[in-house]
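Shown next, in structure tokens, is the structure this report addresses.
What follows draws every value from the coordinates through simple rules; no lab data is involved. Please read these numbers as outputs of a predicted model, since none were measured by experiment. Cβ atoms come from the backbone with ideal geometry, glycine included; neighbour counts cover every protein chain shown.
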Amino acid sequence: MTLKTWLKFVEIQSLVASALPLILGNLYAANTYHHMNAVPAIIFVIVAFALQMGVNVWNNLQDFKSATSDEWKNGVNNIVGSVGLPPAKVGRR
């Protein structure tokens, strides 16, 4: 799997929606309490991004498995079918 395919598979563009609350929360904490622990904040960001990517992968696999037509399975909106990723290999089941 190429990097470009992987980025589409985990829907990297949706991480912007996850990053905004994290950034705002950290800025609020730093401004209000005049102190911020960087290591826990960075670990939290990594975990939040990993969870977001995991959910996106799960959704892509479920969309592929529950598609009722070949048009939807192999269409532009479904990265698993359009690129030809084998669901068993990607899902590791």
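A few remarks follow.
- Cα-based radius of gyration for the chain, normalised by 2.2 N^0.38 Å, reads 1.40.
- Helix axis angle, 15-33 relative to the chain longest principal axis, alpha carbon, degrees: 10
- At R0 = 22 Å, FRET efficiency that the Cβ-Cβ distance of Val83 and Ala48 yields, to 0.05: 0.25
- Residue exposure sequence - Asp63, Asp70 - by fewest surrounding Cβ within 10 Å: Asp70, Asp63
- One decimal place: the segment Ala41-Trp72 gains 7.2 nm when fully extended, by the rule 0.36 nm per residue minus the C-alpha distance.
- Footprinting exposure proxy ranking of Thr32, Thr5, fewest other C-beta atoms within 10 angstrom first, gives Thr32, Thr5.
- Label point distance in nm, Val16-Val90, each placed 7 Å from Cα along Cα→Cβ: 2.2
- Calculated P(r) tail over 17 Å for segment 1-53, as whole % of Cα pairs: 45
- Neighbour counts of other Cβ atoms within 10 Å put Trp58, Trp6 in the fewest-to-most order Trp58, Trp6.
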